[in-house]
Structure formats: structure tokens, C-alpha cells
Amino acid sequence: MDELPEELLLQIFLNLKVIRKFVPPANAGSRDDDRERENRDRINALLGLCSMSKKYYRICQPILFSGFIDYGDHATTRFIYALLHKPDLTRNVEYIEAWKRSSRTSLWDPELSPNTTKTLETPKAPKTRWNNLQHARLIHKASTIWHQPSYDVVSTWKELLHRSPGDAERALIIALTPNVQHLSLSVSLARNKPSMLDFVGLGNHPSVPCIQDFTKLETICAKGDLSSWFESGVETLSNLPKLNTLRLQRHHWLQTRSKIEAVLSLISQCPDLKNLYIDFPMEPEMSPTQCAARLESILISPPPLEEISLNKISHSPKMMCRLIQGLRPLKRVSFSIDRYHGRGTERFLAPVLMDTFLPHCHSLEQLCVDFRRMNKHEYIFSGGPVGSLSEFYAIKTLAACYHSLLGDPANMIGPASPTNAADIEKYWDCYRAPFRLSDVLPRNLEKLILLRSQPLPDNGSPILWDLADDCGLLPTLRKVVVEHEAPSALAAKFFENGVSFVGDALEVSQAHFV
């Protein structure tokens, strides 16, 4: 292998780049654990190759530093240490991932005296790492990056270092790497204090007017308390000329909401955006007329979006449907409503969704429609289910709940019909619909994900038994997925017809990620 030319060795070793994360983590899942183990193995392999010869070191070092993943255990500190000692390495960093929060205290607490300064004790680092001299070098580097004549940005950064050392260190790493292409971060924002994003030009705090040119940044994937940034900091995205993927998600325990106007502003600020994922409850701030006018002005020249995911919509779902409808042909769409409180004529009707998707019937490859969090008194279906998708020949993956596929049982049993998602599922688990599920599914469907609030009965349901019998009408169908354990008898029936019927909670949880 030593005799191979460096160009060929480079192409071989490039396969050891870390696997990037495009989806904000919902919960700890085995597949992400597998990715973490694989990335650790790749990093160790690159470290081993770097130690084999000068030739391998010259080839592998840029690959090793092309991605930084903060797995805790002082990984950020070690990475900064390397960048400060070899500044040329900063040009190699393309990917930064930091989801785990650090609970340690700062290594450079300005209140500590020289005799009590903490040092980092790791087998791979010198015992004197981060002594006073290195602390001074760190502050000097921050002063070089964030020098502002009218603002004391460095002192503000020191306060962040004292309050949240992990965020301060990550901000420094991002600021040091002008060629970064992909940020995948867990973000903590305080409404009255600067955050990590403020120090890299992606925030909106008035005391930190940092402007940085990330001319190669293409992907931002962030999760956390993004409400204040989401409402007033989207203008900073206009400084990112190559941004094409934006995925924003709040932590599930937060109660913050975003403004629909902010979503519209975000779309207008990113003319080249192709992938937009928003997992925030949204509500309007302006009047419906003003908001609709703002939307129509954007749709005059819509951005080239190919994928859009709007989840937890709690107000004005008609407006979000109009947004999807007016965009250029989309490939992937995810749409979910969270406790919509419409009244009178503003109630959202199922046929509106079919009108929403029709402009994309020839381009749509993946579709997710989820109404599980709606109660009947908050949400009504007119004319049964959303409608037949049999003419959507491009759809390969469909994720849908019983509400959207089968409609409201009230059409058959009247006012005594179920009133919530769980009861509707129980009803359809006992009775057959007036049509077969295979009649409304896309003809070229390969994967069907059934979104349910509760497990299937042990004996399955008549609707799914009929679907197992009708697999011949869906020649490309290969997989049906539910969140909980799949009934064995029903799984065997699907298997006889060449279709896998499985329970996969992780795959269901990621159905909204287009």
C-alpha cells in the first residue's frame, strides 16, 4: 500500500471522514449510538495512520481535522489546543457537531488565582496544559477575533466562558474555522445574555455585534431554546450565501413558540434554501389579512425549496398549507398539527390538504401527514379522509395516521363516534372502512409508516389484514412500519406476500424529518 500514489491514498482515506448528523436528536436511539461508535473507530483509525509514517501523516491529518465532534470528556478543550498550536489546521475543519452539554466548571475562570488554576489531566495531554501562559494565549486569540472598537466583546465572551464554558469554547472553535460547511449544535439561548450563536455572527444580541462571513456554510442543524433568535435573529441568515439546509427544533420540555411571520421572514432571507425543517409551535402576530399578504408577496418569487417539514402547527394551518401549495415542486413534505384551535369558518378541513399536495403530485417522493395530537372537537374532517393518493406516482415513502388515511367514523355511526386519536384507532381496529387501504395508497409506494397513538391489537386489525391480502396491487411495496411491536400473525401474512411488517420506534420518530 505504501507504493500507491498519494492521490489514490487520499481517495481511500477520505472514506474515514466522520459521518455527519443532519437530524436533531429526538431521543437516544441505537442507530445514533452506532454512528457514534463508527465515528470513534474512524477517528482512531486516522490517528493510527498518522503515526505510521510522514507520508500518511501528511495525507491523513487534514482528514482527521475535517470534522470535530464533541462527545464530552474535554474533547473541545483538546481540539482548541490543537488549533492554537497549528493555526493552519483551522482551514481543514468542515463539520462541527456538539449535542452534549458540559457540566464542568471553566478551565479559565478569571476569578481563580495562578496557584489554583485548574489543569486538564488526560493521558494524551501534557500535565501543564492550560496553565497561565496558555490561558493568556486563548484570551489573546479571542481578542484578535472579536476586536470591536465600540464594544467590549472579549469581556462579554469571558462572561460566557465563566457561565457556560462549553458554549464559549464551541463559539471559539466556530469562529476559528472560516471554511466550516455544516453546524450541528445544541443551543442554549438566554433572552438577556449573549449566546454561542452571537459570537459567530448568527445571533441578535445588541452587545455582541459580530459579523462573520461563513462563505461555505451550507447546513445548520440546531436544537434548543431558539425562540428569541427565531423571532428576531433570522436576518443574520442573509449573510450566509450558500445556506441550503436549515433544521430547527426546540427541546420537548420548552413551552416557547415562534411567530409565523418569523418563518416567512426566514424563507425570504434565504433565497437559495432547499431544505427547511421547523419543529416549533407557531402562532401569528399580525392579523390574518396582513400575514396572508406577507405570504403572497413571498410566493411571487418562491425559493427553490425541495424539502419542507412544518411540525407542531397550532395556529393558521390554512396559511401553512398555502405556503406549501405555492412553492415550486417539492420532493419531500412533512406536515403535522398540534392542538389547532380554529373556530367557525377558520376550522381546517381535510380536503384543503389534498389541494395543498396536488401541485406536487409529479415530484413528491416522501410525504408525512400527522394529526394524532388533534381532538375531534378541535379538528373536523369533511368528506372522510384526506383523499386518494393513488395518482401520486412519485411517492416512495408515506407516513400517515388513521385520521388522514381513513377519515372520521362519524360518517357511519353519527354523533356517538370517537372523539380523539386513540378512540378513532380503536374503532378502525375493530371495523372495516368503506374502502380498502390499497385503493388510496400511491401506486409505486415502497414504504408505509403507520403513525399510531397506541399499539395494534394482538390479532392486528381488519384494515391491515386486507392490506396484506392486497399487496399484489402495490407491486413495489416492501415495508410497513409501526412504532410498537408488530403482531406476529399479521407480520407472517405480510411476509408471505413479500412485504416486511415491523415495529421500529426510531424509524417512526424520524418520519417527520424530510
#### Entry: Only one of Ser453, Ser509, Ser461 that is within 17 Å of Ser334 (Cα to Cα) and not hydrophobic (A, V, I, L, M, F, W, C)
Ser509
### Task
List every residue pair whose Cβ atoms sit under 9 Å apart, with the two residues 6 or more apart in sequence or on different chains, where the first one lies in region 313-339 and is on the phi > 0 side of the Ramachandran plot and in a helix (DSSP H, G or I) and the second, anywhere, is open to solvent by less than 10 Å² (accessible area, probe 1.4 Å) and at pLDDT below 90.
none
### Query
Which members of region 329-373 meet the condition of being open to solvent by 50 Å² or more (accessible area, probe 1.4 Å), modelled with pLDDT under 90 and of a type outside the set (Gly, Ala, Ser)?
Arg339, His341, Arg343, Thr345, Glu346, Arg347, Leu349, Pro351, Asp355, Leu358, Arg372, Arg373
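Quick check, is Ser404 surrounded by 16 or more Cβ atoms within 10 Å (Cβ to Cβ), among the polar types (S, T, N, Q) and modelled with pLDDT of 80 or more?
Working: surrounded by 16 or more Cβ atoms within 10 Å (Cβ to Cβ): yes; among the polar types (S, T, N, Q): yes; modelled with pLDDT of 80 or more: no.
In short, no.
Tally the residues that are farther than 7 Å from Gly503 by Cα and surrounded by 21 or more Cβ atoms within 10 Å (Cβ to Cβ), restricting the search to region 475-486.
Filtering region 475-486 down to residues farther than 7 Å from Gly503 by Cα leaves 475-480.
Cutting the leftovers down to surrounded by 21 or more Cβ atoms within 10 Å (Cβ to Cβ) gives us 477, 480.
The total comes to 2.
The values are calculated or read from the model by the stated rules, or taken from the named source; none is laboratory data. Computed from a prediction, not measured in an experiment: that's the story for all the values here. Here Cβ is always computed from backbone atoms with ideal geometry, including for glycine, and neighbour counts include all displayed protein chains. Just the protein is used for accessible areas: all its heavy atoms, side chains included, with ligands, DNA and RNA removed. Shrake-Rupley method; radii C 1.70, N 1.55, O 1.52, S 1.80 Å.
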